[in-house]
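The values are calculated or read from the model by the stated rules, or taken from the named source; none is laboratory data. Only a predicted model underlies this, so the values are computations on that prediction, with no experimental measurement involved. No Cβ is skipped: glycine too gets one built from the backbone with ideal geometry, and neighbour counts run over all protein chains shown.
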Amino acid sequence: MVAWAKEGHEAAFRELIRRYERPVFALVYRMVRDRALAEDLSQETFIKVLNALASYNPDYKFSSWIFKIANNAAIDHIRKKDLDTLSLDGAPDADTPDAIKATQLQIGTGGESPLDEVASKELGSAIERAISKLRPEYRACILLRFVEGYSYEEIADVMEIPLGTVKTYIHRARNELREHLADRRPETPPAKAP
Amino acid sequence: MSDLTMQHLTTEELELWAQGLLGAARTMHLTECTLCFAEAQQERRLHLTLSQLPLFAPRAGFADRVMAQVKVPKTSGEFRA
Ligand SMILES: [Zn+2]
């Protein structure tokens, strides 16, 4: 498929868009929580990827490549937006508990800003709100793992971080999600072990 | 009791269990450890919740809007999927 596209077949380009527009858009939308913005960033992602297709290395998974560019675009946007309103002293790579806490509060504001009508309908559930409270890096890891079904190794590839960091991020993200969700759980009876 | 059933489940093993993919020997640990059992249940709830997240798609015409800004190299031949 990618080989066909590299040869310059418009239909192959369209087929690549058809295959990846939903997952790429869904990832970016859950990162930035704004439909119009997510459309713009997704569109930029595809334009960038398709215009650079000639230099694409076929040893590398196409999906990893496009998710990497989409995720970078979303995270760059979130950071830029937060820099407009808040100082980000060492936040993106915070690794002490205090630094992480501070980062959470700062970057987390992006996810808690008022949503437009469509977004609040689509992203208003408890789990979506819990995901929005995660640091962007955690959020990307969780979405790639549990929504896109990526392995830890593939996530490390997409996010350009070490495998150990992926494990740490997912572990922390999962704990935070469980905490956020724990408050509203008594109606669900506990599942039995298989 | 063997070594395999004595050790607490790792995060990855809990994740496997929640997906029904953990081996029998390690799954046995859950019958003996209330700590891991509670963790496993929470993990499964989280998995269930995440697996029910809705799919989203961009507005119709997304491909046209992208293609309007993509340079397609000159080509010959037909595309087959
Ligand atoms: Zn245990």
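Observations on the structure shown:
- Given (1) away from the ligand (no atom under 12 Å from the Cβ); (2) modelled with pLDDT under 95, index of the condition B:Leu14 fails: (1)
- Condition check for B:Leu30: part of a helix (DSSP H, G or I), within 12 Å of the ligand (Cβ to nearest atom), surrounded by fewer than 17 Cβ atoms within 10 Å (Cβ to Cβ) and free of Cβ contacts under 8 Å to residues at least 60 places away in the same chain: no
- Filter pass, B:Leu22 being more than 10 Å from the ligand (Cβ to nearest atom) and closer than 14 Å to A:Phe146 by Cβ: no
One line per residue, one yes/no per condition, for (1) of a type in the set (Lys, Arg); (2) over 12 Å from the mean Cα position of the chain (by Cα); (3) at pLDDT 95 or above:
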| position | (1), (2), (3) |
| --- | --- |
| A:Gly8 | no, yes, no |
| A:Arg33 | yes, no, no |
| A:Asp40 | no, yes, yes |
| A:Lys61 | yes, yes, no |
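- Criterion: closer than 22 Å to A:Glu179 by Cα, more than 11 Å from the ligand (Cβ to nearest atom), at the interface with chain A (Cβ under 7 Å from one of its Cβ atoms) and out of contact with any helix residue (DSSP H, G or I) (no Cβ under 7 Å at 6 or more places or on another chain) - qualifying residue of B:Gln52, B:Gln41: B:Gln41
- If you go through region A:40-56 and pick out every residue that is more than 12 Å from every other protein chain (Cβ to nearest Cβ) and under 10 Å from A:Val2 (Cβ atoms), you end up with 1.
- Yes/no for A:Lys80 being over 18 Å from B:Ala63 (Cβ atoms), modelled with pLDDT of 85 or more, in a helix (DSSP H, G or I) and out of contact with any Pro (no Cβ under 7 Å at 6 or more places or on another chain): yes
- Looking across region B:33-47, the residues that are part of a helix (DSSP H, G or I) and in contact (Cβ under 8 Å) with a residue 12 or more places away in the chain come down to B:Leu35, B:Cys36, B:Glu39, B:Ala40, B:Glu43, B:Arg44, B:Leu46, B:His47.
- Selection from region A:30-61 of residues that are in contact (Cβ under 8 Å) with a residue 40 or more places away in the chain and crowded, with 18+ Cβ neighbours inside 10 Å: A:Arg30, A:Met31, A:Val32, A:Arg33, A:Asp34, A:Arg35, A:Leu50, A:Leu53
- Selection status of B:Leu9, within 10 Å of the ligand (Cβ to nearest atom) and assigned to a loop (DSSP other than H, G, I, E, B): yes
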